[in-house]
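Take a look at the structure set out below.
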Amino acid sequence: MACVLEGPLRISVLSEVTATSRHYVDRLFDPDPQKVLQGVIDMKNAVIGNNKQKANLIVLGAVPRLLYLLQQVSSSPELRTECAVVLGSLAMGTENNIKSLVDCHIIPALLQGLLCPDLTFIEACLRCLRTVFISPVTPVQLLYTDPTVIPHLMSLLSRSERTQEYITQIFSHCCKTPEHQTVLFNHGAIQNIALLLISPSYKVRMQALKCFSVLAYENTQVSMTLVNVLVDGELLSQVFVRMMQRDQPIEMQLTAAKCLTYMCRAGAIRTDDNCVILKTLPCLVRMCSKERLLEERVEGAETLAYLMEPDVELQRIASTTDHLVAMLADYFKYPSSVSAITDIKRLDHDLKHAHELRQAAFKLYASLGSNDEDIRKKITETENMMDRIVSGLSESSIKVRLAAVRCLHSLSRSVQQLRTSFHDHAVWKPLMKLLQNAPDEVLVMASSTLCNLLLEFSPSKEPILESGVIELLCSLTQSDSPALRVNGIWALMNMAFQADQKVKMEIVRSLGTEQLFRLLSDPDTNVLMKTLGLLRNLLSTRPHIDHIMSSHGKQIMQAVTLILEGEHSTEVKEQTLCILANIADGNTAKDLIMTNDDMLQKIKYYMGHSNVKLQLAATFCISNLIWNEEDGELLVEAGPGSQERQDKLREMGFVDILHKLTQASDPNLCDRAKTAMQQYLA
């Protein structure tokens, strides 16, 4: 019987709650303004800390009525303010509440309210706007729709400490793109907000600091301006340095360090400046210690990784500061079973976010080891490091997988590590697995790492080849992403280097001549250069050259012609002439050049070119065509022999050009021309 009663009982409780909530909404429509005001105040008290009540009131249509009352000029300032307070309280509920408020056009209504002269009402509107804008579900673009909003907010900064706190918080949450940075910069954000850094209110100083960190991030214009700003006679960078002192709250130290990091990365502060080496870097290393909270350790490590990413000297300094490399190993043991966390809520939070620590540690290791061999050795010798990276490659969190593969890529730049740690831990296996099915950003990093594992001195090259990687790499060359196309072709290029004929033919077969020639006309120069590099590696050693040219010679010669005639860089044309020199080194393949007068004229043109690199590459071609090697001549059954080749080249004026080049100022070119001339005289 209890089951039969349960349904109706639930309905009666729900209808009771809804009836109570409806009572609050009904009072908003009372003709007596005083009763409406009292109704709004009672509603405010009812919703504080009560998400269920908030949801009920939204469902019952309280929001449009509150917004109507807020926008009526006939409403008393007190009523309008209380409406803004209730709306702010509703916004503090769930993300669905925020979506409902935004759908009811709360943002334009509140922005309109800022034009009212009443300061208490303005502050209530700003507080509500702040709560709405800090939610991840609110489209920040709504702040920039009306071009008069930002200048008006700037003018309100001087009204009170509250307006300063709320407006700077709105700015720092709504500045997401370079366009947003420019809008704020053009409306005087730097001058207006700089003064707030010496406000007596900690909240104001802190929000102003956060604002500067988002304005300066990857923005040279803002960063260059910040360097010259004076705050009460003191340079802004020095104000940031003071805010990093150990006696300041951690949040302030960390945010000030971020500001200086971003200014440094944007080129406004030198990496060898004392404020970076002696202040910012040590402050960020401090943030990585296990005494800090999880989110502080994450932010500290990620900011430090970003600071030193392009600078080997900073990497060396950081690696010897406070045992950083060993300190980061603790990021993988957190929270431990004997964790000192007694706050259950904090422990629960940290367990859910422990993967962020691993991600941050991998990022920082990647940055630390990106240049220096000794640091890489130090990292790989850290307890269980390679096992941790291998585990990271298969974590459920995509961000951890990406950070782990970035770390692996950084370490894979070391010949020693490729030969030792990478081989011992067979890292190629999880890497290959990762390449099977991953988002593009992971694929780019994983395929870059694979390029290094396929270098000729890497012991992983053989097992990778046997795992059927060629098909996978060929599929990458068809990607829409230029970075993936580059990596696919680069890996094939490394694979073809000094490879046996079987591997080379497998590459040509899997890639297909159509795709190979599509890549030779790729709009991305990096793709084109790597494809030429692949072709050059395929066309090395005489039997391989002759074998490939016998089946694909016509198409390859067409591609070479198109590139030499096209608008390409010196590097591209030099690489193409080197391919031609390789073809000229073949026994039967050289006939494809000798019987092509148009190609010979092109070589002649480049021998007389103003660029020495192109002259040298073209001279190599002729040197190989002239070359008289008895073993080779036995294979030539059709086409001109070496004497006939030499006669034809003399008739076309090549000997005269070579004679001139023996007087060239470039020693390499001069030597190459002399060697070719000696072939004639032999």
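The values are calculated or read from the model by the stated rules, or taken from the named source; none is laboratory data. Here the structure is a predicted model, which means the values were calculated and not measured. We place every Cβ from the backbone using ideal geometry, glycine too, and count neighbours over all the protein chains shown. The protein model used for the area step is the full one, side chains on, heavy atoms only, and it has no ligands, DNA or RNA in it. Shrake-Rupley method; radii C 1.70, N 1.55, O 1.52, S 1.80 Å.
Please list, ordered by residue number, the helices (runs of 4 or more DSSP H) wholly in segment 111-186 having 1 or more residues that are open to solvent by less than 30 Å² (accessible area, probe 1.4 Å) and farther than 20 Å from Leu70 by Cα.
Working: elements: 119-133, 149-156, 161-174, 178-186.
In segment 111-186, 149-156, 161-174, 178-186 are the helices (runs of 4 or more DSSP H) which contain 1 or more residues that are open to solvent by less than 30 Å² (accessible area, probe 1.4 Å) and farther than 20 Å from Leu70 by Cα.
Name every residue in segment 278-301 that is part of a helix (DSSP H, G or I) and open to solvent by 60 Å² or more (accessible area, probe 1.4 Å), in order of residue number. First the steps, then the outcome.
Within segment 278-301, the subset part of a helix (DSSP H, G or I) is 278-287, 294-301.
Of everything in segment 278-301, those that are part of a helix (DSSP H, G or I) and open to solvent by 60 Å² or more (accessible area, probe 1.4 Å) turn out to be Leu278, Lys279, Glu295, Glu299.
If a residue must be assigned to a helix (DSSP H, G or I) and either within 25 Å of the chain's Cα centre (by Cα) or of a type outside the set (S, T, N, Q) (or both), how many such residues does segment 247-277 contain? Give the derivation first.
So the first thing to find is which residues in segment 247-277 are assigned to a helix (DSSP H, G or I), and the list is 250-265, 274-277.
Next, only the ones that are either within 25 Å of the chain's Cα centre (by Cα) or of a type outside the set (S, T, N, Q) (or both) stay: 250-252, 254-265, 275-277.
Qualifying residue count for the region: 18.
Can you name the residue in segment 381-429 that is part of a loop (DSSP other than H, G, I, E, B) and of a type in the set (S, T, N, Q) and is also nearest to the chain's Cα centre (by Cα) among such residues? Reasoning before the result, please.
Let us first name the residues in segment 381-429 that are part of a loop (DSSP other than H, G, I, E, B), namely 381-384, 393-397, 412-414, 420, 425-427.
Narrowing further to those that are of a type in the set (S, T, N, Q): 382, 384, 394, 396-397, 412, 414, 420.
Values: Thr382: 27, Asn384: 27, Ser394: 21, Ser396: 20, Ser397: 17, Ser412: 19, Ser414: 22, Thr420: 29 Å.
This residue is Ser397.
Give the residues of segment 12-49 that are at pLDDT below 90 and either out of contact with any helix residue (DSSP H, G or I) (no Cβ under 7 Å at 6 or more places or on another chain) or of a type in the set (Lys, Arg) (or both), sorted by residue number.
Those that are at pLDDT below 90 and either out of contact with any helix residue (DSSP H, G or I) (no Cβ under 7 Å at 6 or more places or on another chain) or of a type in the set (Lys, Arg) (or both): Ser12, Val13, Leu14, Ser15, Glu16, Ala19, Thr20, Arg22, His23, Gly49.
If you check Ser237, Ser213, which single one turns out to be over 27 Å from Tyr331 (Cα atoms), touching a Cys at 6+ places or on another chain (Cβ under 7 Å), assigned to a helix (DSSP H, G or I) and touching a residue at least 24 places away in the same chain (Cβ under 8 Å)? Working first, answer last.
Values: Ser213 fails: over 27 Å from Tyr331 (Cα atoms).
After ruling out the rest, the residue left standing is Ser237.
Between a first residue in segment 441-452 that is in contact (Cβ under 8 Å) with a residue 24 or more places away in the chain and a second residue that is open to solvent by less than 20 Å² (accessible area, probe 1.4 Å) and of a type in the set (Ser, Thr, Tyr), which pairs have beta carbons less than 8 Å apart while being 6 or more apart in sequence or on different chains?
Thr449/Ser412; Asn452/Ser412; Asn452/Ser458
Restricting to segment 456-471, name every residue that is in contact (Cβ under 8 Å) with a residue 24 or more places away in the chain and surrounded by fewer than 10 Cβ atoms within 10 Å (Cβ to Cβ).
Keep residues of segment 456-471 that are in contact (Cβ under 8 Å) with a residue 24 or more places away in the chain, which gives 456-461, 463-465, 467, 469-471.
Selection gives Phe457 alone.
Can you pull out every residue in segment 579-594 that is out of contact with any Pro (no Cβ under 9 Å at 6 or more places or on another chain) and surrounded by fewer than 21 Cβ atoms within 10 Å (Cβ to Cβ)?
Correct list: Thr588 only.
Within the bounds of segment 482-495, is there any residue that is surrounded by fewer than 19 Cβ atoms within 10 Å (Cβ to Cβ) and touching a helix residue (DSSP H, G or I) at 6+ places or on another chain (Cβ under 7 Å)?
If we filter segment 482-495 for residues that are surrounded by fewer than 19 Cβ atoms within 10 Å (Cβ to Cβ), which is where we start, we get 482.
With touching a helix residue (DSSP H, G or I) at 6+ places or on another chain (Cβ under 7 Å) added as a condition, the list becomes 482.
Yes, segment 482-495 contains a residue that is surrounded by fewer than 19 Cβ atoms within 10 Å (Cβ to Cβ) and touching a helix residue (DSSP H, G or I) at 6+ places or on another chain (Cβ under 7 Å).
Please determine whether any residue of segment 450-460 is in contact with a Leu (Cβ under 9 Å, 6 or more places away or on another chain) and among the hydroxyl-bearing types (Ser, Thr, Tyr).
Keep residues of segment 450-460 that are in contact with a Leu (Cβ under 9 Å, 6 or more places away or on another chain), which gives 450, 452-455, 457-460.
Narrowing the set further to residues that are among the hydroxyl-bearing types (Ser, Thr, Tyr) leaves 458, 460.
Yes, segment 450-460 has at least one match.
In segment 496-508, which residues are open to solvent by less than 20 Å² (accessible area, probe 1.4 Å) and not in a helix (DSSP H, G or I)?
The one that is open to solvent by less than 20 Å² (accessible area, probe 1.4 Å) and not in a helix (DSSP H, G or I): Ala499.
Where residues in segment 536-558 are hydrophobic (A, V, I, L, M, F, W, C) and in a helix (DSSP H, G or I), which of them is surrounded by the most Cβ atoms within 10 Å (Cβ to Cβ)? Steps first, answer last, please.
First, the residues of segment 536-558 that are hydrophobic (A, V, I, L, M, F, W, C): 538-539, 545, 548-549, 556-557.
Going one step further and asking which of them are in a helix (DSSP H, G or I), we end up with 538, 545, 548-549, 556-557.
Values: Leu538: 28, Ile545: 22, Ile548: 21, Met549: 21, Ile556: 24, Met557: 19.
Applying the filter and picking the extreme gives Leu538.
Only one of Thr561, Thr477, Thr531, Thr576 is of a type in the set (Ser, Thr, Tyr) and open to solvent by 10 Å² or more (accessible area, probe 1.4 Å); which?
Values: Thr477 fails: open to solvent by 10 Å² or more (accessible area, probe 1.4 Å); Thr531 fails: open to solvent by 10 Å² or more (accessible area, probe 1.4 Å); Thr576 fails: open to solvent by 10 Å² or more (accessible area, probe 1.4 Å).
The unique qualifying residue is Thr561.
For segment 372-380, does any single residue satisfy the condition of being touching a residue at least 40 places away in the same chain (Cβ under 8 Å) and in a loop (DSSP other than H, G, I, E, B)?
Within segment 372-380 (the criterion being touching a residue at least 40 places away in the same chain (Cβ under 8 Å) and in a loop (DSSP other than H, G, I, E, B)), the answer is yes, since at least one residue qualifies.
Do we have any residue at all in segment 448-461 that's more than 23 Å from Asp374 (Cα to Cα) and in a helix (DSSP H, G or I)?
There is at least one residue in segment 448-461 that is more than 23 Å from Asp374 (Cα to Cα) and in a helix (DSSP H, G or I).
Could you grab me the full set of residues in segment 509-526 that are touching a Ser or Thr at 6+ places or on another chain (Cβ under 8 Å) and either of a type in the set (A, V, I, L, M, F, W, C) or part of a helix (DSSP H, G or I) (or both)? So that I can check it myself, show each step before the final result.
Within segment 509-526, the first condition is being touching a Ser or Thr at 6+ places or on another chain (Cβ under 8 Å), and the residues that meet it are 511, 515-516, 519-520, 522, 525.
Correct list: Leu511, Gln515, Leu516, Leu519, Leu520, Thr525.
If you take just the helices (runs of 4 or more DSSP H) that sit entirely in segment 303-369, which of them hold at least 2 residues that are modelled with pLDDT of 90 or more and open to solvent by 70 Å² or more (accessible area, probe 1.4 Å)?
Numbers: elements: 312-319, 324-329, 344-368.
In segment 303-369, 312-319 are the helices (runs of 4 or more DSSP H) which contain 2 or more residues that are modelled with pLDDT of 90 or more and open to solvent by 70 Å² or more (accessible area, probe 1.4 Å).
Select, from Val86, Val59, Val73, Val63, the only residue that is under 23 Å from Pro31 (Cβ atoms), open to solvent by 50 Å² or more (accessible area, probe 1.4 Å) and of a type in the set (A, V, I, L, M). Step through it out loud before you land on a result.
Working: Val86 fails: open to solvent by 50 Å² or more (accessible area, probe 1.4 Å); Val59 fails: under 23 Å from Pro31 (Cβ atoms); Val63 fails: open to solvent by 50 Å² or more (accessible area, probe 1.4 Å).
None of the others qualify; the one that does is Val73.
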